[in-house]
Amino acid sequence: MKQTGTFEYVDIEFIISDDRIFSDEFYTNEKLQSEMKEYGNYIDSKGRKNILNKVNKNYEITNKNEVLERINNLNKSNIDSEFYGIYWLVTKIYSPKYIKSKSWKNEKVKQYDKVSDIEFSVEGYNE
């Protein structure tokens with residue numbers, strides 16, 4: 001974006017999630033989906049691990065084209081409920097001009113010249 005000049009006024013959210021929610025088992029199992037939703041948007045790592053480990057074997061045999069199709073069919077404007085709160089990493093990136101235009105005093109201004117400038121604020125569990 002910086003190379004093309006489109007990083008002037010930017011507010012971007014990155015959400016990295018667990019693709020096991022797109023396995024046949026999870027995607028079609030209302031009971032598992034309901035269990036996940038009971039935790040709310042940001043479930044603790046033990047709860048997330050417990051539920052997602054139930055679909056490990058099924059995920060391995062799920063057609064990867066089906067997984068990609070399910071990902072592409074997500075309602076991106078309602079991503080919180082679409083992902084069932086299964087976040088590994090989340091971050092918001094604001095360009096310096098965007099921060100200035102909003103008059104935010106507490107937001108750290110970053111140039112994002114290196115990948116290491118991106119810091120994720122929410123982390124999930126490690127398998």
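The values are calculated or read from the model by the stated rules, or taken from the named source; none is laboratory data. Every value quoted in this text rests on a predicted model; they were computed, and no experiment measured them. Note that each Cβ is placed from the backbone with ideal geometry, even for glycine, and that neighbours are counted across all protein chains shown.
Some observations on this one:
- Of all the residues in the stretch 11-36, those that are crowded, with 16+ Cβ neighbours inside 10 Å, touching a residue at least 60 places away in the same chain (Cβ under 8 Å) and either touching a strand residue (DSSP E or B) at 6+ places or on another chain (Cβ under 7 Å) or among the acidic types (D, E) (or both) number 3.
- Checking each residue of the stretch 106-113 against the condition of being part of a strand (DSSP E or B) and at pLDDT 85 or above gives no match.
- The set of residues from the stretch 11-33 being at pLDDT 80 or above and out of contact with any helix residue (DSSP H, G or I) (no Cβ under 9 Å at 6 or more places or on another chain) comprises I12, F14, T28, E30, K31.
- For the stretch 54-72, the set of residues classified as of a type in the set (S, T, N, Q) and exposed (fewer than 11 other Cβ atoms within 10 Å of the Cβ) consists of N63, N65, N72, listed by residue number.
- Top-ranked residue of the stretch 78-105 - restricted to ones that are outside any loop (DSSP other than H, G, I, E, B) and hydrophobic (A, V, I, L, M, F, W, C), ranked as modelled with the lowest pLDDT: W88
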